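Report on one structure; see the data block that follows.
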Amino acid sequence: MAHPIVKLVAQRLALGLLLLLAASVLIFVGTQILPGDVAQAILGQSATPETLANLREELGLNEPVVSRYFGWLFGVLQGDLGTALSNGQPIGPALGGRLANTLFLAGAAAVIAVPLAVLLGLVSVRYRNRWPDKAISAVTLATISVPEFLLGYIVIYFLAVQWRLLPSLATVYDGMTLGERLYAIGLPVIVLVLAVLGHMMRMTRAAILNVMQSSYVETAELKGLRPFTIIARHAFPNAIAPIVNVVMINLAYLVVGVVVVEVVFVYPGMGQYLVDHVSKRDVPVVQACGLVFAGVYIGLNLIADIVSILANPRLRHPK
Amino acid sequence: MKDDLAKLVDWIDAGGLSRRGFLGRVSAFGLAAALGSAMLPGQARAEEPKKGGVLKIGLGGGESTDALDPGLADGPVAFNVNRQWGDTLVNVTPEKVLEFRLAESAEAGEGSTVWTFKIRKGVKFHDGSEMTVEDVVATFKRHSDENAKSGAFGIMQGISDIKADGENVVFTLSTGNADLPYLLADYHLIVQPKGGAENPNAGIGTGPYKVKTAEPGVRYVFEKNADDWDTSRGHYDSVEFLVINDATARTAALQSGQVHMVNRVDPKVAKLLSRAPGVKVRTASGPGHYVFIMHCDKPPFDNKDLRLALKYAINRQELVDKILDGYGSVGNDIPINKSYPLFDETLPQREFDLAKAAEHYKASGHDGSPIELIVADGAFPGAVDAAALFQATATQAGIPLVIKRVPDDGYWSDVWNVKPFCASYWGGRPVQDQMYSTAYLSTADWNDTKFKNKEFDDLILSARAETDETKRKEIYAKVARILWEEGGVICPMFNDFIDGVSETVAGWVDDPNLELMNGFASAKTWFA
């Protein structure tokens, strides 16, 4: 009974690892074809041919690309992400701290956004084509359509400058209590929730409406069940697969795509860290960040696949 | 008379006049005798600094890659961080006068080729050790070492020997330089224990605040140095820097009271911000300027008439009004303005003159093919818009100027100092010699206009060793005229430093050297 599922999951995992390896090659190649090199970027305007040559030698930039790739890959497999070229610090701890911050922000936003989106989707279906449905769609579509930085400025203007309810800066640092941290990230969480809500809500609504055409839903109606019970108990479980997929894409987005929000709210997450190092051509850091982002994407999609399999008896028991 | 006094008081409150300026004007009215100090308002009264409090400053221009090594400081945040924990031998005051800090005096000999600096005694580093003459020597030796990659390496190149002599440090120069003390005020040249040879990133210095937390690109915390050798500064218990690179987020943080000061206020919002309650906008006109640079050795820019045509075809006042929103002053195609000592006021201002532009363009015999100006947003704030305004006026003079916009990424390595015509900026230097030597001498690495003129070079070198100020001023006047007429630099404007300051902060003095009172805002201000 459990055997096919274990096999399926194992297949997916293996595929995921293969994808990650392919991503690592892409990341490595991508960072090699950027214009300029890290030595030039570090020295900036003060670069002279001699200092450039010295620095390239020191940073090992003169070795062939292939040997650098394998050296890097073996390091990563042993948990060593290397040292940042720009300031000579090991990447692991710095990256770890930033990743923890990013996951904290993304987690806080997801804890609010996912249940809210599903609930709003259910409510939309219950009152479809009536004013609650239209109001929910209008508001969520509006917030998803406004660029995030503008949403950020709007909430800063009202909630931080005018009414002074929440701080406009979301800087978090060691030594803050959980409560202080949650207070600090209030505004970015609001913006992120507004940014991802629409997509998940619309998908929930569409998936459930699709199921609502089925004959078993009609049966449930004829049985005399209340409309909301029909949606929540009979339609929703059969609509889980597409919803989970969209939820996972949005979670991945919350982790890897929030650099603009980080800049506006001065949040020390992965995005800003990556951008700073890209502009300095700090290749090891860019590669490490790229790998972490690829891992997050692949991992979350893997979860989505597995959940859809488990939620669907036909996939669970293949013939 | 009474109205005049009220006007002056308003002016002081608006930040337009210093206490000294106020007293000067009051005495001009013959009022000084009648004026008791009790009548003076807010800032004009000689205030006793109050101690205590946590000063928070929101800063743009910081990255996660910033290091504490003072030699590597290359952005506004790193500069301001240096100022908290470190001291230089000398400073340049807002009035452009030398102020001795870790050095007590300086003496020149042998045609300014040998400089002797007497080092202050009884100064303690943050780790409790006493600063010695050897520490000072080691500091300058480290910055002279190419491998240290110090931003002050260019300054140190002219120094052939540094040695300790009792309580003095003696610098021997390869050619005489009367400006050496000004050059040593450079913010990279912070004295560190053993010159920072063991750990340049330790952040141990003699400054008013000690480094407590340093999270590059995010946040810095400094606490008061209780053993500070200079007891007249450092009034706060602690100072916190928050790196806020987004200009809108920075002003919002100031308005919502989360920070007390911000640097780099966007000129486009400065006027609006100055109307916000509880906040003041402070400006200082410094040596920083924006430029369009032509390579004098590449066609078509190797033709002097074509260069002059472009110089006459730019409407400088329009650029100051529209790009800087008035927070700046017009440039005159030389990198020097009145913020420099020995500035020649008699050089005529080059006016916007389409007729002359057309005339010179015709004289150049240019074939009418498009002249390409390369710009990126990062060349200077508003560079792309400035180029568009330039294009519009040049077209009116019949000059076929076209704009090529490129990304910020790689601009400083692939375009600037490489392509024959592009936009750029200069932060300025403390003295004329350094500005010219950095970017206009034939031999300079950063000669970004490829300007090669023997007479010009000789004049710069002779001015360097000249100790008679009147004669130096005459030489610099000649230098300016050569560049003004022949050079490849189109300098449309000098930009002001624009800072935002909360009204709770007292003791602010505008400083034209650099932003945030030349980085000394935390050391010299206090909470009212």
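Derivation of every value follows stated rules applied to the coordinates shown; laboratory data play no part. Because the structure is predicted, anything quoted here is derived from the model rather than measured. Cβ sites come from the backbone with ideal geometry, for glycine too, and all protein chains shown count toward neighbours.
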> Quick one: if the Förster radius is 60 Å, what FRET efficiency do A:Leu178 and B:Lys304 give, using the C-beta to C-beta distance and rounding to 0.05?
Replying inline: 0.30
>> For B:Glu104, what residues show an amide H to amide H distance below 5 Å, using hydrogens built from the backbone and excluding near sequence neighbours?
In response: B:Lys118, B:Ile119, B:Arg120
>> Suppose every Lys and Arg Cβ carries +1 and every Asp and Glu Cβ carries -1, with no other charges. What dipole size does chain A come out with about its Cα centre, to the nearest 20 debye?
In response: 1760 debye
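How big is the dipole moment of chain B about its Cα centre under a simple scheme where the beta carbon of each Lys and Arg is +1, that of each Asp and Glu is -1, and everything else is neutral? Debye, nearest 20, please.
1020 debye
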>> Could you check the spin-label model distance between B:Lys194 and B:Ser369? Points 7 Å from the Cα along Cα→Cβ, value in nm.
In response: 6.0 nm
>> Percent of Cα-Cα pairs more than 32 Å apart in chain A, please.
In response: 44 percent
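Tell me, in nm to one decimal, what length is gained between A:Leu26 and A:Phe158 on full extension, where the rule is 0.36 nm per residue of separation less the Cα-Cα distance? Mind showing how you got there, number by number?
Working: separation 132, 0.36 × 132 = 47.52 nm, distance 4.32 nm.
That works out to 43.2 nm of additional length.
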> Just going by the charge dipole of the range B:377-528, with Lys and Arg at +1 and Asp and Glu at -1 on Cβ, which of B:Met493, B:Ser437, B:Leu401 is farthest out on the positive end?
Replying inline: B:Leu401
>> I'd like to know which of A:Ser168, B:Thr132, B:Ala106 lies farthest towards the positive end of the charge dipole of the protein assembly as shown, counting +1 on Cβ of Lys and Arg and -1 on Cβ of Asp and Glu.
In response: A:Ser168
>> Need one number for chain B: average projected area of the convex hull over its C-alpha atoms, nm².
In response: 25.3 nm²
> When we measure straight from the Cα of B:Lys524, which lysines land under 19 angstrom away, once same-chain ones fewer than 8 places off are left out?
Replying inline: B:Lys50, B:Lys51, B:Lys56, B:Lys96, B:Lys210, B:Lys224, B:Lys280
> Where in chain B lies the longest segment free of GluC sites (Glu not before Pro) that are both loop residues by DSSP (not H, G, I, E, B) and have at most 15 other Cβ atoms within 10 Å?
Replying inline: B:352-502
> Any idea what % of Cα-Cα pairs in the range B:287-495 are farther than 28 Å?
Replying inline: 23 percent
>> Angle check, please: helix B:2-13 long axis (alpha carbons) against the longest principal axis of chain B (alpha carbons), in degrees 0 to 90, nearest 10.
In response: 90 degrees
> When the Cα centres of the range B:364-396 and the range B:229-280 are compared, how far apart do they sit, in Å?
Replying inline: 35 Å
>> How many angstrom lie between the Cα centre of the range A:140-182 and the Cα centre of the range A:252-271?
In response: 12 Å
> B:Lys473: which aspartates and glutamates have alpha carbons under 19 Å from its alpha carbon, excluding same-chain residues fewer than 8 sequence positions away?
Replying inline: B:Glu95, B:Asp179, B:Asp333, B:Asp344, B:Glu345, B:Asp433, B:Glu455, B:Asp457, B:Asp458, B:Glu485
> For the range A:95-281, what is the charge dipole size about the Cα centre, in debye to the nearest 20, if Lys and Arg each add +1 at the Cβ and Asp and Glu each add -1 at the Cβ?
Replying inline: 420 debye
>> Could you compute the net charge surrounding A:Val9? Neighbours are other residues with a C-beta less than 12 Å from the C-beta of A:Val9; K and R count +1, D and E count -1.
In response: +2
> Out of A:Leu103, A:Leu52, A:Leu141, any idea which swings most in a Gaussian network model of chain A, alpha carbons joined below 10 Å?
Replying inline: A:Leu52
>> For chain B, take the longest principal axis of its alpha carbons; what is the angle in degrees between that and the long axis of helix B:469-486, to the nearest 10 within 0 to 90?
In response: 40 degrees
> Beyond 24 Å, what share of the Cα-Cα pairs of the range B:112-232 remains, rounded to the nearest whole percent?
Replying inline: 30 percent
> How many nm separate the modelled label positions at B:Val54 and A:Glu58, each set 7 Å beyond the Cα in the direction of the Cβ?
Replying inline: 3.7 nm
> Which Cα, out of B:Ile204, B:Tyr182, B:Phe222, lies furthest along the positive dipole direction of the range B:174-224 (beta carbon charges, K/R +1, D/E -1)?
Replying inline: B:Phe222
> Spin-label point model (7 Å from Cα, Cβ direction): what's the B:Glu104 to B:Asp297 distance in nm?
Replying inline: 5.0 nm
>> So, R0 is 30 Å and r is the distance between the beta-carbons of B:Asp321 and B:Asp408; what FRET efficiency does that work out to, to 0.05?
In response: 0.75
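Can you give me the Kirkwood hydrodynamic radius for the range A:217-269, using every pair of distinct Cα atoms, in Å to one decimal?
After inverting the pairwise mean of 1/r, the radius is 14.0 Å.
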>> Please report, ordered by residue number, every helix of chain A (full DSSP H runs) that is 27 Å or longer along its axis going by C-alpha atoms and whose mean Kyte-Doolittle hydropathy reaches -1.0.
In response: A:3-32, A:91-126, A:186-212, A:283-311
> Given H placed 1.01 Å from N in the peptide plane, which residues other than close sequence neighbours of B:Glu372 have an amide H under 5 Å from its amide H?
Replying inline: B:Val402
> Any idea what angle helix B:354-364 forms with the longest principal axis of chain B, computed on alpha-carbon atoms, 0 to 90 degrees, nearest 10?
Replying inline: 60 degrees
> Using the Kirkwood radius built from alpha carbon pairs, what does the Stokes-Einstein equation give as D for the range A:95-281 at 10 °C and 1.306 mPa s, in µm² per second?
Replying inline: 88 µm²/s
> Taking neighbour counts of Cβ atoms within 10 Å as a proxy for exposure, in what order, fewest first, do B:Asp297, B:Asp468, B:Asp179 appear?
Replying inline: B:Asp468, B:Asp297, B:Asp179
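So if R0 is 56 Å, what FRET efficiency would A:Arg128 and B:Val384 give, r being the distance between their Cβ atoms, rounded to the nearest 0.05? Kindly include the intermediate steps, with their values, before the conclusion.
Values: r = 48 Å, r/R0 = 0.86.
So the FRET efficiency works out to roughly 0.70.
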> Assuming a viscosity of 1.567 mPa s and a temperature of 4 °C, what translational diffusion coefficient in µm² per second does Stokes-Einstein assign to the protein assembly as shown, Rh being the Kirkwood radius over Cα pairs?
Replying inline: 42 µm²/s
> If amide H atoms are built 1.01 Å from N in the plane of the peptide, which residues on other chains or at least 5 residues away come under 5 Å of the amide H of B:Val259?
Replying inline: B:Leu254
> Relative to the present Cα-Cα distance, how much length would full extension add between B:Glu503 and B:Thr470 at 0.36 nm per residue of separation?
Replying inline: 7.6 nm
